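Written out below as structure tokens is the structure these notes cover.
The values are calculated or read from the model by the stated rules, or taken from the named source; none is laboratory data. Source: prediction; values computed, not measured. Here Cβ is always computed from backbone atoms with ideal geometry, including for glycine, and neighbour counts include all displayed protein chains.
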Amino acid sequence: MKNINIPFQANLKDPPVPLPKYKKQQSDGKAQTIDILIGGAAGLGINILENMLNKAFMLNGYFVYSTKEFMSRVRGGSNTVLLRISDQPIYAPCWHVDLCVALDYAALSHVQERLTQKTLIIADESDPVMKDIQKNSIAIPMLETAKDLGDSRYANSYVAGLLFGLLKADINLLRKSVVSSFSEDTQKENETAMHEGYTYSKKLKNISLPALLQTSLIPKSNFHLLDGSSAIGFGSLLGGCTMITSYPMSPSTGVLNFMASISKEFTILVEQSEDEIAAFAMVLGGWFGGARAMTSTSGGGFALMSEGMSLAGVSETPAVIYLAQRPGPATGMPTRTEQGDLNLAIHSGHGDFGRIILAPGTLEECLTYAYLAFELADRYQVPVILLSDQYLADTINMIDNVDFTAYEQRRYIVKSDRNYKRYTLNKEGISPRSVPGLGQGIVGSSSHEHDERGQSTEDYKIREIMVKKRDNKLKRILSEAYKPEIQGKGNIAIIGWGSSKGAIFEALKLLNDPRLFQVHFVWVHPLNPEHIEVLKQNETNIIIENNVSGQFADILKGHGVHIHYRILQSNGFPFFTDLLENELGNIIKDIK
Amino acid sequence: MKHPLDRENVDNAWCPGCGNFGILKLLKEVLTELALNPKDTVIVSGIGQASKTPYYIDTHMFSSLHGRALPVATTLKASNPSLNVIAEGGDGDMYGEGGNHFIHTVRRNPNIVHIVHNNMVYGLTKGQASPTSQRGFETGVQVKGVHNEPFNPISVALALKAGFVARVNIGNYEHAKTVLKQAFLHKGYALVDIFQPCVVFNKTNTRKWFNSNTHELENDHDSSNLSMAMQKALENDPIPIGIFYQSERHTFEDYFYGDEKKALISVSHDLKKLQGLFEKY
């Protein structure tokens, strides 16, 4: 084979890539926010309503945020979408809401614990529950109107119109969003439904609803509406991903879908494998052949990939695994969220070998760390796990413009000469990696213990040398690890990792206590001892994790960090800002 | 006898008289006679005695895990379609542990050669039944003799309309060579199941047994006729050897690349275009 051009050729002598700058969480003063909870069965089109409203409120100049909670079924059940509209960026969900819209009869009983005395309830006039709700409720003829127009799903546009009327937002911008949300054959009916809802809202009197800020809104044309799955997808493309091989599994499939949708325009091989074992083997075949490959899965699928992790370890083949967590054990709750697979990610695979685990917590981090996953896998020839969860994958938020050219492109590949040895020994333990057909050498990769050529061996001396070689890689990795992000100064550290970042940030903002500071880990494994020194020196450490045991807390403990309080949860929900504020408030009031 | 494709300084772990030696020699000769450059050739193997083959022949290799050679080989070929890719292993590796991958690799039709050393017994784990062991075959585990219906890779591959389906007997060397050459020349997935004796653990299906219980497909066998191939695949007394079926269709790489095949190592995404796409969100 001749004349293969390797773009962006780099080597280990180059310093680590600079972490591309992205906007950190921010807020100026107190936000004016309206929290809307919409409930309805699967199949009613609740997601269309979510996207329609998000787009329209963004066009109106607001910050929007939406997150879903849904059952593991295709039709029926009771699902919700939470929409938060504000003049400030929103980073997390809240439990209690200002406004609740019930698209069907089951919705109100499903969400009743999230309603307060002040919550305005909107439901269809035929909903039997409405008879019992006297205060703060509006009965509307949405189902009748929608049915008159020909399809009960037009109720979504009716509700959108009604909400825009109630919140005094610009209906013309909603119209734009409605038009872009539907195909031509139903556009007209949806527009009519929207108008009916809007007109109806104007007839309503004495509605008590917190006002939305109407002035000094800045157009949000610099912002983009994205869910976590798409952000991981964009980041992976920035990382040069040319292959994804996966077995579909909630909640990881969003990334597979994203990559498939984009494969029509970019060179990316997308293959749905027969099982997760094959998916991982395909990732290794891809990297071995010169591709940058990834797989997407959840805990149950990743359990099957354990042998592949081990093979990546001994053969020193890079791999990128997107692991979107959901509550286990076993099938658990497929469409709910949890941070319960950290231990699995750290310990999967037999034998000792290095790996890197990255747990992003915001869209910006999803994008940046997905890019980094490919860079690090290639640089150190280890598997890199991107640890996300259902909440982060499915939540839609706004992300500021990203300069894609700021992400430095590198490929750690060498042309082989006649004497090339795949596992050449050196001080770093990281041997120059070539691929078959690139040069005059032979590339031998092996799952057995092997010598420098890759030939299997049982020589005890070579075994020791090779074990040390692979272990040495860890030193280099640790010395180049990225630090946790610290926000604020104080003596009470609020520690989190992954998707809890936003809820912790908002709870701290609400508590407004100068003693509190946030320590957020994205790089969760392996931990550089220098990076946790701050916690060892600190007076009080409180950890917040979405799992029953405090998996990360135990790891920190193993590093000599004293964890004074653990706020843990494992009910399938993400952390809610307002509930977390209460829980944290109760703990810190007793701390001097 | 030395061969230019011998890997130097290796300690061969096969038993004296093992059928694997014949297959190793066959493979080296076929690659040489077809003038396939070893620097453009990769053998992906699984685990077992047969899977040690790439350690003894001087091509590139990826020695993977038990049963996993096929998925590795599939994406390796797709990453760089100009490579000659061989997936090689034994009957336990490919039809037992890797049985699911066998089925789905046939469906994908990557342009690779799939060589299965079939000795109807487990060697490296010391003598248990394999998926292809015949009924009544007694082992330390199958103490009353094998109960399970033997796996028939030929009829399974045919049921999935594999593009190239062949079986040979290493004891019939020149015939085996002719067939294996055809497998390399075939565009798409090519299965070559090779009967070979295990001189230590299979005292039933010996070299002599394979020689007297197989016969070459007749000259009038029409390898473009799927139902005739299936009929032949189900015969077992004697067992037919040769090319049962051959038919070319779009490969896995064709589906992905169309006419513009390239090595993925040379691909870099257009970041401006990506930025434009991002900004539509």
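Restricting the stretch B:79-93 to residues that are within 7 Å of another protein chain (Cβ to nearest Cβ) and not aliphatic (A, V, I, L, M), the residue that is surrounded by the most Cβ atoms within 10 Å (Cβ to Cβ) is B:S79. In the set B:E88, B:E149, B:E138, only one residue is part of a loop (DSSP other than H, G, I, E, B), among the charged types (D, E, K, R) and either within 27 Å of A:E274 (Cβ to Cβ) or in contact with a helix residue (DSSP H, G or I) (Cβ under 6 Å, 6 or more places away or on another chain) (or both); that residue is B:E149. So which residues in the stretch B:23-78 are facing chain A (nearest Cβ under 7 Å), touching a residue at least 24 places away in the same chain (Cβ under 8 Å) and closer than 15 Å to B:D93 by Cα, if there are any at all? Scanning the stretch B:23-78 gives B:R68, B:P71, B:V72, B:A73. When residues in the stretch A:245-296 are screened for being in a loop (DSSP other than H, G, I, E, B), within 8 Å of another protein chain (Cβ to nearest Cβ) and under 22 Å from B:V106 (Cα atoms), 3 of them pass.
Test of understanding: among A:S230, A:S180, which residue is touching a Lys or Arg at 6+ places or on another chain (Cβ under 8 Å), within 14 Å of chain B (Cβ to nearest Cβ) and part of a helix (DSSP H, G or I)? The conditions single out A:S180. Of all residue pairs spaced 6 or more apart or on separate chains, those with beta-carbon atoms under 7 Å, a first member in the stretch A:195-207 that is free of Cβ contacts under 8 Å to residues at least 60 places away in the same chain and a second member that is among the aromatic types (F, W, Y) are A:E196/A:Y158; A:G197/A:Y158; A:Y198/A:F164.
Here is a yes/no grid of residues against (1) among the charged types (D, E, K, R); (2) touching a residue at least 24 places away in the same chain (Cβ under 8 Å); (3) surrounded by fewer than 16 Cβ atoms within 10 Å (Cβ to Cβ); (4) closer than 28 Å to A:A291 by Cβ:
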{"residue": "A:T424", "(1), (2), (3), (4)": "no, yes, yes, yes"}
{"residue": "A:R433", "(1), (2), (3), (4)": "yes, yes, no, yes"}
{"residue": "A:R453", "(1), (2), (3), (4)": "yes, yes, no, yes"}
{"residue": "A:Y482", "(1), (2), (3), (4)": "no, yes, no, yes"}
{"residue": "A:A493", "(1), (2), (3), (4)": "no, yes, no, no"}
{"residue": "A:F505", "(1), (2), (3), (4)": "no, yes, no, no"}
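Residue-by-condition table, conditions (1) of a type outside the set (F, W, Y); (2) modelled with pLDDT of 85 or more; (3) in the same structural domain as A:L167 (by TED's automatic domain parsing):
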residue: A:M1; (1), (2), (3): yes, no, no
residue: A:I6; (1), (2), (3): yes, yes, no
residue: A:D14; (1), (2), (3): yes, yes, no
residue: A:V17; (1), (2), (3): yes, yes, no
residue: A:Q26; (1), (2), (3): yes, no, no
residue: A:I46; (1), (2), (3): yes, yes, yes
residue: A:N54; (1), (2), (3): yes, yes, yes
residue: A:Y62; (1), (2), (3): no, yes, yes
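The condition of being assigned by TED's automatic domain parsing to the domain that holds A:L363 and either over 30 Å from A:M52 (Cβ atoms) or buried (at least 23 other Cβ atoms within 10 Å of the Cβ) (or both) holds for only one of A:L392, A:L474, that being A:L392. Of the set (1) within 18 Å of B:V44 (Cα to Cα); (2) outside any loop (DSSP other than H, G, I, E, B), all apply to A:G441 but (2). So for the stretch B:257-266 (the condition being more than 28 Å from B:H221 (Cβ to Cβ), among the aliphatic types (A, V, I, L, M), without any contact (Cβ under 8 Å) to a residue 40 or more places away in the chain and out of contact with any Pro (no Cβ under 9 Å at 6 or more places or on another chain)), does at least one residue qualify? No, the stretch B:257-266 contains no residue that is more than 28 Å from B:H221 (Cβ to Cβ), among the aliphatic types (A, V, I, L, M), without any contact (Cβ under 8 Å) to a residue 40 or more places away in the chain and out of contact with any Pro (no Cβ under 9 Å at 6 or more places or on another chain). Taken together, A:V255, A:V270 contain a single residue that is out of contact with any Gly (no Cβ under 7 Å at 6 or more places or on another chain) and β-branched (V, I, T), which is A:V270. Criterion applied to A:A102, A:A10 was being within 14 Å of chain B (Cβ to nearest Cβ) and among the small types (G, A, S), and the one residue passing it is A:A10.
So that you can scan it fast, the table gives a plain yes or no per residue for (1) within 18 Å of the chain's Cα centre (by Cα); (2) part of a helix (DSSP H, G or I):
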residue: A:V467; (1), (2): no, yes
residue: A:I477; (1), (2): no, yes
residue: A:K489; (1), (2): no, no
residue: A:A493; (1), (2): no, no
residue: A:S499; (1), (2): yes, yes
residue: A:V519; (1), (2): no, no
residue: A:V524; (1), (2): yes, no
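In summary, A:M259 fulfils each of the numbered conditions (1) without any contact (Cβ under 8 Å) to a residue 40 or more places away in the chain; (2) more than 23 Å from the chain's Cα centre (by Cα); (3) under 26 Å from B:K272 (Cβ atoms); (4) surrounded by 24 or more Cβ atoms within 10 Å (Cβ to Cβ) with the single exception of condition (2).
Of the helices (runs of 4 or more DSSP H) contained entirely in the stretch B:225-280, those carrying at least 3 residues that are facing chain A (nearest Cβ under 7 Å) fall at B:271-279.
When you check A:I232 against the structure, is it farther than 30 Å from A:Q88 by Cβ, under 22 Å from the mean Cα position of the chain (by Cα) and aliphatic (A, V, I, L, M), yes or no? So A:I232 does not fit the description; no.
Right, B:L36: in a helix (DSSP H, G or I) and either crowded, with 16+ Cβ neighbours inside 10 Å or of a type in the set (A, V, I, L, M) (or both) or not? No: the conditions fail for B:L36.
A:T116 meets each of the listed conditions (1) farther than 24 Å from A:G77 by Cβ; (2) surrounded by 17 or more Cβ atoms within 10 Å (Cβ to Cβ) apart from (2).
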